[in-house]
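Have a look at the structure below, then the notes.
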Amino acid sequence: MAGPWTEECSIMKKIGIINKIIAFSNVDGPGNRTAVFFQGCNLHCLYCHNPETIHFCVGCSACLAVCPTGALEGGHGKAVMGEGDMLQPVTWHPQKCISCDACIKACPHLASPKTRRMTAEELLTEIKKTAPYINGVSFSGGECTLQRDFLVEVIPLIRQLGLGVLLDSNGTYDFEKDPELLEMIDGVMLDIKAVDPAVCRTLTGAGPEMPIKNLKYLQSVGKLAEVRTVLLPEEGGSLPGEGQNRRSAASGRGSETILVTSSEKATSEGSFFDDDGGWHGEAVTGEGDLHPPNSMNELTVRTVASLLSPAIPYKLLRYRPFGVRQEGIDIIGNTITEESAAEALAALARSLGAENCRVV
Amino acid sequence: MSAALDIIKDPTLTYKQELLALARLGEATDNTLRYSDDYYAAKESRALCDLNEGPMPYRPRYICPDYSVLFKKGSVFLELEPPKDLAEALNSLMILYHHVPSITAYPVYLGDLDALLEPFVLKEERAYAKKLLGLFLKQIDKTLTDSFVHADLGPQASITGELLMELTEEMQLAIPNLTLKYDPAVTPEDFALKAVQCMLKTAKPSFANHGMFVKEWGEKYAIASCYNGLMQAGGGFTLPRLRLYECSLAAKDAEDFLNRVLPYYADLQFEYMDKRVKFIVEESSFFKTNFLVTEGFVKQENFTGMFGLVGLAECCNHLLGITDPKKGFGLNEEATALGRRIMDKLTELVEAHEAPYCESTGHRYRLHAQVGIDSDGREDAPGTRIPIGAEPAMLDQLAVNEQFHPYFPTGTGDIFKFEETYLKTPEAVLPIIQGSLKRGLRYFSGYLENNDVVRVTDYLVKRSEIDKLTAGKQSLNNVTIFGKGAKDFGGALDRRVQHHEEDRNH
Ligand code: SF4
Ligand code: SF4
């Protein structure tokens, strides 16, 4: 492809496409941390709170019309890719922006026009401002490992400031194959969203095998900082009841069904995984027993708890419908996961050895 | 109705509050102490404010006794022997508190309670010590009914400090105000985290930059009233303030303000302070006969004058023609830089003025960023603060504070409001405090939104008490009335919150 951007890319360093930087965060790892949220994710979790971080802007211009302050410009399909970098086809003027998020609601592509393209040095300049007040930096997303080359460029610079670095990952990246990256970080905060393959695929678009493999591997090399699971609410919402068709209309994305193997099996065996991470439960993806989400929660929590060494924090997050897109609300519901149910699962996890499990 | 009758018939005043208001009225009948016509004109224009100190001072404004004298020697005047155990120590302190005058008629400094009491606490069972300390706090809250009553803790960890913080959380009392003298090199992390937890739950203690205060005052300093740095065994004679916004109205431009207007008003404030300090030392009986002086609880040479100011933000914005505070001081480098020049100039003026007495501060007054009073409305923000509603994110707010806090040895501070998830993560608050103190912040106050006890400018009130007042009922706390004014007129409860900015499922 030819165009002004190709030249730019050839002389420029790696560019990070960043959705936002939160200067002080108390929920992205231990202590006070600066959280850098990358744009772009390879999953599309039904309960994602920031679905606008999932895809890159394609420049369709749909958001331009809804911006009340004229903070957006450009568009018209000039999305370009090359060298792992991507130019933002829409220009966003932060000075004019009133943060109404109308653009994000209007975007049909689960993207945001308000991303920033930054070099490692530019990001470092931002982090230098927060450095005196923080314990470290956490890279989140989106999925930060999708911008792995940028990470490898910026992380050593951050370490030179004397700060620790954690990655927040959905677990789809094969960390075992990237010792260079692992070497330069303190650890990974890993999501285990579900362990049943069918449930996991429906919920996230991918299976649980790689996250589980990562849990074991990262733990074995001392790079597992914490594990998190979002607990789905027991009531409210309509999980599919009759086979495959009910939710395919809502999602428009295949016909998987949230069905799991028998909960008796889950509770009696504790884990569906053998030592190598191989699945030895049975996933039912067509007709079969339907279980309320509570037993899916339990299956996931039991599995993680039985794999985790006691010191590693295991955080259970309650599903909250705020910011979740309609597709997710239709399936998971519009209620918050009961605190008592979450606490009961945390107690269960602790009894199974995940002593550092708590509801956050 | 006469002014006296107004006070007497006011259904919202307690007996004590009426008594104090009537005393003020009586004091105002004498005008022996006279100032120049220029001074009165400046006061009339609201460029100068004497904080209603009263025309005839009969005691220094703030008195910070050295309470260790009581424990070493007892008191002849009060017929007290040195205490032998915790019960006696607390009883002696309560007695002495009742005899410590101040501008509010209540003691503004209760001592470094942990250092004073620790030897006695260590001799008791923890549960018994806690019981006695709880009764002590209760008595303070119900008899020294004024939120400018202030006690200090730290920098060392102590059982007494732990117990006082535990009790503060359990009892949710607005009085006394508390400060932790904080030095990360001395104060253990777990003690500091307990203080953070207590602060999030009760809006106190605040964190004082111990290293900074020690450099200016030596080890024996006190944090009194709201956040005033003063000498122990000393205090503050007087605290008038420049209302910088009103001062700026007399200037053609920034240079005119710096070169002509500011020195002019500073001189008038010096005139007020000099006359007042001399009157207190030379005419009033306090330094001649009060037992606090004659028995060595305070020494005249440890008192200084506090040169106060408010409204730096509005002053800078006005001088630069900025009408939207969100684009002004603290958020706009040009305005912030002008603020620094104004403070440099004031520092120079204060350094150049030979103050009567004030021996321990080299015969100089010391600058104070005053917290504001309810009648300030929205024209003058407290001290050098960014006006409420225009505060930037916490990071930028800290960066501005760090530039201005070093100017004010007799006190300044800012308040940061945290959202409820921080209650579970005090370890996320402490690095913010540590980082900012290292970078020049003097005094950090924080509280959690949705608490009943809230900090209004720099004193504590209960939200439910404000509501009671609004409904026309009496409130025991003297200060609630100020809190109400600040809420109604200044929007002080609308302070920006440090959120974790969004709610996320992972
Ligand atoms: S942000 Fe979304 S709506 Fe706006 S141009 Fe990009 S893809 Fe289109
Ligand atoms: S959030 Fe900003 S860019 Fe988006 S529509 Fe609102 S003003 Fe425009």
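We did not get these values from a lab; they are worked out from the coordinates using the rules stated. Small disclaimer: the values here were computed from a predicted structure and weren't measured. Because the Cβ atoms are built from the backbone with ideal geometry, glycine has one as well, and the counts that use them run over all protein chains shown.
Remarks
- Positive minus negative residues near B:ALA352 (Lys, Arg vs Asp, Glu; Cβ under 13 Å): -3
- Peptide A:21-34 - average C-beta neighbours from other chains (10 Å radius): 6
- Ordering B:ARG59, B:ARG46, B:ARG126 from the fewest to the most neighbouring beta carbons within 10 Å gives B:ARG126, B:ARG46, B:ARG59.
- With θ taken as phi - 60° and the Karplus curve 6.51 cos²θ - 1.76 cosθ + 1.60 applied, the whole-hertz 3J(HN,Hα) list for the stretch B:51-64 is 6, 6, 5, x, x, 10, x, 10, 6, x, 5, 10, 10, 10 Hz, x standing for glycine and proline.
- For the stretch B:351-398, GluC sites (Glu not before Pro) are listed when DSSP marks them as loop and at most 14 other Cβ atoms sit within 10 Å of their Cβ; the list is B:GLU354.
- With K and R counted +1 and D and E -1, the other residues having a Cβ less than 11 Å from that of A:PHE139 yield a net charge of -1.
- Summed residue charge, Cβ within 10 Å of B:PHE307's Cβ, Lys/Arg positive, Asp/Glu negative: +3
- Within the stretch B:62-227, percent of DSSP bridges classed antiparallel, to nearest 5: 10 percent
- Net length gained if the chain between A:THR119 and A:GLU343 were fully extended (0.36 nm per residue, minus Cα distance): 76.4 nm
- Computed FRET value (nearest 0.05) for A:GLU234 with B:SER68, which takes r as the C-beta separation and R₀ as 51 Å: 0.25
- Too-long pairs where the Cα-Cα distance tops 21 Å, listed order kept, from A:LYS177/A:LYS216; B:LYS201/B:LYS417; A:LYS216/B:LYS424: A:LYS216/B:LYS424
- A Förster radius of 41 Å combined with the Cβ-Cβ distance from A:ARG358 to B:SER284 puts the calculated FRET efficiency at roughly 0.10.
- Nearest-0.05 FRET efficiency for A:GLN326 and A:ASN42, computed from C-beta distance (R0 22 Å): 0.50
- If you wrap chain B in the convex hull of its Cα atoms and look at it from every side, the mean projected area works out to 23.9 nm².
- For peptide A:216-224, the mean count of partner chain Cβ atoms within 10 Å of a residue's Cβ comes to 0.
- In the stretch B:205-348, the DSSP beta bridges split such that about 45 percent are antiparallel, to the nearest 5.
- Only Lys, Arg, Asp and Glu carry charge here, each on its Cβ (+1 for the first two, -1 for the last two); on that basis the stretch B:62-227 has a dipole of about 200 debye about its Cα centre.
- Database remark: amide H of B:TYR447 closer than 5 angstrom to the amide H of B:PHE416, B:LYS417, B:PHE418 (H placed geometrically; neighbours at sequence offset of 5 or more, or on other chains; Pro and chain starts carry no H).
- Secondary-structure-derived ellipticity at 222 nm for chain B, considering helices only, amounts to -11500 deg cm²/dmol, per-run term -39500 (n - 2.57) for DSSP H runs with n ≥ 4.
- Neighbour counts of other Cβ atoms within 10 Å put B:THR336, B:THR410 in the fewest-to-most order B:THR336, B:THR410.
- Taking a ≥ b ≥ c as the square roots of the Cα gyration tensor eigenvalues, the stretch B:62-227 comes out rounded, since a/c falls below 1.5.
- GluC sites (Glu not before Pro) restricted to DSSP loop in the stretch B:66-161 with at most 13 other C-beta within 10 Å: B:GLU79, B:GLU125
- Dipole moment magnitude, nearest 20 debye, chain B about Cα centre, only Lys, Arg, Asp, Glu C-beta charged: 500 debye
- Within the straight-line cut-off of under 25 Å between alpha carbons, the lysines reachable from B:LYS215 are B:LYS181, B:LYS204, B:LYS299, B:LYS345, B:LYS438, sequence neighbours fewer than 8 places apart in one chain being disregarded.
- Residue order, fewest to most beta carbons within 10 Å, for A:ARG302, A:ARG116: A:ARG116, A:ARG302
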